[in-house]
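Inspection log for the structure reproduced underneath, given as structure tokens.
The values are calculated or read from the model by the stated rules, or taken from the named source; none is laboratory data. All values derive from a computational prediction rather than experimental measurement. Virtual Cβ from ideal backbone geometry, glycine too; neighbours counted across all protein chains shown.
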Amino acid sequence: MSELIRLEKLKRLYGAHLAFEADEVVLQPGVVGLLGPNGAGKSTLLNMLMGLLAPSAGRAWMLGFDAARESRKVRSRVGYMPENDSFVAGLSVLQFVSLAGELCGQKAVDARRRAHEVLSLLGLEEARYRLIEEQPTGIRQRAKLAQALINDPDLVILDEPTNGLDPAGRSAMLELISRLHREQGKSILLSSHLLGDVERVCDSVVILDRGRVLAHGEVSELTSSRVNSYRIQVTGSVETCEAVLTDRGVELEALPARPGAPPRDFIATLPGEADTRLLFEAFAAAGEAEPACLLSGLQPHEENLETIFERVVASASPPPPPPPGENHG
Amino acid sequence: MEIDEVDLLPPKMGATVVDRWSISSAPEESRSPALSWWPVARVGLGLVTKRRIFKVFVGLGLINFLFFSAMIYFLAGLAAQLKGQRFGEGPLAFARNFIFTGTGESFRDFITSQNTVVMLLLAISGAVLVGNDFRFRSLTFYFSKPLERWQYFLGKLVATSLLVSLLTLLPCLALFIEYGLFGDTFDYFIESRRILFGILAYGLLVSVGMSTLLLGVAALLQRTISIVMVWGLIFIFLPIVTEVIHENAGGSDYWKLFDFWYLLQWCSNAFFGIESSLFSTSPWLPVAALAAWLGAALWAFWHKTRAVEVVS
């Protein structure tokens, strides 16, 4: 399996509304996180990848198969664990998982044997003969995962797998997901709002917002772009501070401030091997030009998935609308 | 003294260590993709047949069947007893006016009488067969597997049609065979090919037609109480209203086209070769009306399943 997912100029429109757009995205096998707020286009992307939604333009491949033209092949090699409960009411856990195997083309007897194995794998030995709709959330989540694993898929798509679980259950589910990749060799596409979950298990991420792919790549690569970063607070003239820092090769990124107020908080990324002495020297020079210009706060900035996500989404946000009556001639 | 777990195992017994993380690979796809509808049908049938109310309705259908079967037996016994007697033909002809006669009408009447039980059975089975799939998001589960929409529809249609056939087509065929076997020769089977065709055609029409209608109604309404109410509207209220308009209010025959029962009855007459007073000059009208009913049901079902996407 060379590529897990490939998107080429993929676009989906609902009328005039852009639901999803991506120029070129290639994801390698591993554990991939799909991040984005509500309405970001995650569901649209997954539906197009599963072949259930036709793209307005462009093409998508999953596991080397054209998602639109070879939808059946895609779905026979992918296991999908939906976010919401989606059971066949009246079936036991074992019958439900066996049915999933039969729908994947297995004989009834083979599907039942495989269902027993997968349920044991997921620690559902005792619950297997009970009605699925009567089980607590943790067991239902595992049953959903079991039906996704019944056909030994190359890729497992998990949509909010820790929804409704208590901390212990959540931790156990994440451990299970990690082991599926580590010990069973499954690739995993994890769609979640919970950045902590994604960070804990994912090697790479795709960040979506308002239908667009804002960033994608390995988590380590995305965080390494911010090595040697500091969070600083400044007082005095912001322009002077910015000037002296950028002259010394420091990259500055303003953090959100109160509406109408100048930014005071910045993330400063220092060039090369430079250390904090560079900042002190710069502010000493700024103080000579304007005594009120001071470095009032300094702390190391640790980049994690949450900060990456906030930064990427904030940088892609459109500027706030102008106040009413303002002339934009 | 510390006791190790190993000490508790008998030496060299080859104790099995269960490694739950080592599972065999999944079996290859051994069923043709075109047959993916079968598990859907089997599970649907299983869900309905394990309900107690199903057994009640099958019991009612069975009673009716046994009644007809007993009449055939009674008639055959009567014919054997009166055979060759001076006044035998008179009482036999009299009896034939009231009991099962082996003609197309009698088989049609049997299926029609079973239709009432079928209607009740379907009204309460609709939610289990189809409605719950929408209510409990089972469609998400089904369509995330290599299953096409038409295969899902076919699976549900086969499950429902088998239920209906169990009460109509199959017992009617049994009555046909029973009646033929009680004759002096097997000529009845040869002479009654039209009747056999009528039984098969009418039985299939009732099975597939009522199942299609149920799939449409259940997909739209989903809950048992709503399905029962609309079912009552279609099979009880509409026939009464159309009959009243037809008989008393001077309405035209075209009102009959709104009566699903009437349309089935009209088709059954055509299948069995029984002459019908209405629409004899324009037979395409009831056929088109029936097609419109079924087309609307199909559209409703297709529309509702198209609205389902894997990710909600």
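Structural remarks
- Number of the exception - A:Ser98 against (1) more than 8 Å from chain B (Cβ to nearest Cβ); (2) surrounded by fewer than 24 Cβ atoms within 10 Å (Cβ to Cβ); (3) not charged (D, E, K, R): (2)
- Selection count, the range A:101-114, where residues are among the basic types (Lys, Arg), outside any helix (DSSP H, G or I) and either more than 7 Å from chain B (Cβ to nearest Cβ) or under 32 Å from the mean Cα position of the chain (by Cα) (or both): 0
- A:Glu117 being surrounded by fewer than 23 Cβ atoms within 10 Å (Cβ to Cβ), in contact (Cβ under 8 Å) with a residue 24 or more places away in the chain and facing chain B (nearest Cβ under 10 Å): no
- Scanning the range A:286-297 for residues that are surrounded by fewer than 16 Cβ atoms within 10 Å (Cβ to Cβ) and not acidic (Asp, Glu) returns A:Ala289, A:Pro291, A:Ala292, A:Leu294, A:Ser296, A:Gly297.
- Filtering the range A:117-130 for residues that are within 20 Å of A:Asp85 (Cα to Cα), hydroxyl-bearing (Ser, Thr, Tyr) and assigned by TED's automatic domain parsing to the domain that holds A:Arg179 leaves a non-empty set.
- Verdict on A:Ala40 being surrounded by 23 or more Cβ atoms within 10 Å (Cβ to Cβ), outside any strand (DSSP E or B) and more than 7 Å from chain B (Cβ to nearest Cβ): yes
- Subset of the range A:72-113 (residues that are aliphatic (A, V, I, L, M) and either touching an Asp or Glu at 6+ places or on another chain (Cβ under 8 Å) or over 24 Å from A:Met48 (Cα atoms) (or both)): A:Val78, A:Met81, A:Val88, A:Ala89, A:Leu91, A:Val93, A:Leu94, A:Val97, A:Leu99, A:Ala108, A:Val109, A:Ala111
- Only a single criterion out of (1) within 14 Å of another protein chain (Cβ to nearest Cβ); (2) among the hydroxyl-bearing types (Ser, Thr, Tyr); (3) farther than 30 Å from A:Thr44 by Cβ is not satisfied by B:Thr305, namely (3).
- Top-ranked residue of the range B:114-128 - restricted to ones that are in contact (Cβ under 8 Å) with a residue 60 or more places away in the chain and of a type in the set (S, T, N, Q), ranked as farthest from the other protein chains (Cβ to nearest Cβ): B:Asn115
- Selection within the range A:254-277: residues that are in contact (Cβ under 8 Å) with a residue 40 or more places away in the chain and of a type in the set (A, V, I, L, M, F, W, C). The member of this set that is surrounded by the most Cβ atoms within 10 Å (Cβ to Cβ) is A:Leu270.
- All conditions in (1) in a loop (DSSP other than H, G, I, E, B); (2) touching a residue at least 40 places away in the same chain (Cβ under 8 Å) hold for A:Asn84, with the sole exception of (2).
- Of the residues B:Gly131, B:Gly102, the single one that is within 11 Å of chain A (Cβ to nearest Cβ) and over 22 Å from A:Val93 (Cβ atoms) is B:Gly131.
- Within the range A:233-253, tally of residues that are out of contact with any Lys or Arg (no Cβ under 9 Å at 6 or more places or on another chain), surrounded by 14 or more Cβ atoms within 10 Å (Cβ to Cβ) and at negative phi: 11
- When each of A:Arg179, A:Arg170 is tested for being assigned to a helix (DSSP H, G or I), modelled with pLDDT of 85 or more and touching a Phe, Trp or Tyr at 6+ places or on another chain (Cβ under 9 Å), the lone residue that passes is A:Arg179.
- The numbered conditions (1) touching a helix residue (DSSP H, G or I) at 6+ places or on another chain (Cβ under 9 Å); (2) at pLDDT below 90; (3) of a type outside the set (Gly, Ala, Ser); (4) buried (at least 20 other Cβ atoms within 10 Å of the Cβ) are all true for B:Thr140 except (1).
- Taking the numbered list (1) more than 30 Å from A:Arg69 (Cβ to Cβ); (2) away from every other protein chain (no Cβ under 12 Å); (3) in contact (Cβ under 8 Å) with a residue 40 or more places away in the chain in turn, B:Leu173 passes all entries but (3).
- Only one of the listed residues (A:Ala54, A:Ala60) is at pLDDT 90 or above and farther than 11 Å from A:Arg212 by Cα. That residue is A:Ala60.
- Hits in the range A:229-243 (condition: over 13 Å from A:Glu288 (Cα atoms) and either touching a helix residue (DSSP H, G or I) at 6+ places or on another chain (Cβ under 9 Å) or in contact (Cβ under 8 Å) with a residue 60 or more places away in the chain (or both)): A:Ser229, A:Tyr230, A:Arg231, A:Ile232, A:Gln233, A:Val234, A:Thr235, A:Ala243
Yes or no, residue by residue, for (1) among the aliphatic types (A, V, I, L, M); (2) within 23 Å of the chain's Cα centre (by Cα); (3) away from every other protein chain (no Cβ under 14 Å):
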{"position": "A:Ala146", "(1), (2), (3)": "yes, yes, no"}
{"position": "A:Leu149", "(1), (2), (3)": "yes, yes, no"}
{"position": "A:Leu155", "(1), (2), (3)": "yes, yes, no"}
{"position": "A:Asn163", "(1), (2), (3)": "no, yes, no"}
{"position": "A:Asp166", "(1), (2), (3)": "no, yes, yes"}
{"position": "A:Glu175", "(1), (2), (3)": "no, yes, no"}
{"position": "A:Arg182", "(1), (2), (3)": "no, yes, no"}
{"position": "A:Ser191", "(1), (2), (3)": "no, yes, no"}
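- Subset tally (residues that are over 29 Å from the mean Cα position of the chain (by Cα) and within 8 Å of chain B (Cβ to nearest Cβ)) for the range A:60-94: 4
- Among the residues of this structure, B:Phe136 counts as one that is within 14 Å of chain A (Cβ to nearest Cβ), among the hydrophobic types (A, V, I, L, M, F, W, C) and without any contact (Cβ under 8 Å) to a residue 12 or more places away in the chain.
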